[in-house]
Each structure stands twice: as C-alpha cells, then as structure tokens.
Amino acid sequence: MAKFPKFEMGHIGVNVTDIDGMTEFYRRVLGFTVTDGGKLRDMRLAFLSRDPGHHHQIVFVTGRPPGTVTTINQISFKVASLDDLRTYHEALLAADVEGIDPVDHGNAWSVYFLDPEGNRLEVFMDTPWYVKQPKRETLDFALSDEEINQATIARFGDDETFRPVEDWRDEVRKVIA
C-alpha cells in the first residue's frame, strides 16, 4: 500500500433547508462567525469559522429538501478541559437546545445535542484513559473534576482494555506511523 502524505481535517459541508436559521444557531450557540457567503448557480452558501487562520470550518449549502432526514451521524468539536465542557453544557441549557445528553465514554467526556435541522453535534474532551468502545454512561456535571475522574475509573477501570491513553497511542503510532 502506498504511503500517503499527512493531512488534517479541513472543514465540513452540510446541506441545509434553512441556511439563515442554521447560520444563526451556529453563530449564537457555538460562537461561529460568518466569514463569507453568496450564491452559486441555484444554491446559497454560508461559510463559518471560529479560527481566523481558516476561511471556513463549516460551509452550509442550500438544497436539502424540506422534511428529509439528515445523513450526518454527528459533528464533533473538541475542547481542552472540563471547565470548557461545562461552559458549553451551561450555554446549551440556557439556549434551550434540544437533545442535550452528557455522556461518559471512558475515553472521552461529551455533551451531545441537536442543531435546528436535527444534526447531532458533540462537544467533547479526551480523558487520560483508553477503554475499548463503544461505552456510554451518564456524565454528571454536578460532580467536581476529581469526582468525574473517579466516577470514570469506577465505571470502566475493571474493563480489561482500560489503560492510560498514552499506552494506546503508542500502539496506534506503530500502525499509523
């Protein structure tokens, strides 16, 4: 098999029915800025970013027929700390967003929710551990950081695959290197 050059994920494109409503939601609830937009043939496009080094991280494109089910499983946004994750959780609650679901996966702590067109979104952070997936338990933000850590260890620590994430990353590096 050929060795492929390194790349990073650049952006995601989402077909939408209500470009204005989606743009407003991502701006108001997630802090995106509209960086560009316009028409191309019979489509409207809106480019959004939270990073001035990227023209866009998300592009919305009109043309999704009304009433159709989304084909997106989820769009995930990574944060650096439990404080950051709590901030988003509180903001989602304050904005009365649908489908808010805090989850402990053992290897990540997540908050899932829905955008106005039913696309599942996730804000998450990695934990210091690896445990074979899928795992799903309720994440309780009423707990302190230390209590959340201890709850994760109590839930998943007896699993034979549970170990420090760096051990798992070392194994994956051997394959992906």
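Values in this text are rule-based calculations from the coordinates and carry no lab data. Quick caveat: nothing in here was measured; it's all calculated off a predicted structure. All Cβ positions, even for glycine, are placed from backbone atoms using ideal geometry, and neighbour counts span all protein chains on display.
A few remarks follow.
- Rounded tilt (10° steps) of 82-94 against the dominant C-alpha axis of the chain: 50 degrees
- Test item: Cα-centred dipole of the stretch 10-65, Lys/Arg +1 and Asp/Glu -1 on Cβ, debye: 40 debye
- Given charges at Cβ of Lys, Arg, Asp, Glu: the chain dipole, positive-most of 72, 168, 30: 72
- From the coordinates of this entry, log10 I(q)/I(0) by the Debye sum over Cα atoms at q = 0.08, 0.16 Å⁻¹ is computed, and it appears in [x] -0.31, -0.97; [y] -0.32, -1.07; [z] -0.23, -0.95 under the label [y].
- Shape analysis of the stretch 9-59 places it in the oblate category; the axes a ≥ b ≥ c from the Cα gyration tensor give an a/c of at least 1.5, with a/b not above b/c.
- Helix content alone sets the calculated 222 nm mean residue ellipticity of the chain: runs of n ≥ 4 DSSP H residues at -39500 (n - 2.57) each, divided across all residues, give -8500 deg cm²/dmol.
- Taking the chain as the region of interest, the number of lysine pairs whose Cα atoms are within less than 22 Å, with members eight or more places apart or on different chains, is 6.
- Counted over the chain, the DSSP beta bridges are approximately 75% antiparallel.
- Normalised contact order of the chain, rounded percent, pairs of Cα under 8 Å and 6 or more residues apart: 16 percent
- Likely footprinting exposure, 123, 29, 165, fewest C-beta neighbours within 10 Å first: 165, 29, 123
- Against the chain, whose longest principal axis comes from its Cα atoms, helix 145-156 is set at around 70 degrees.
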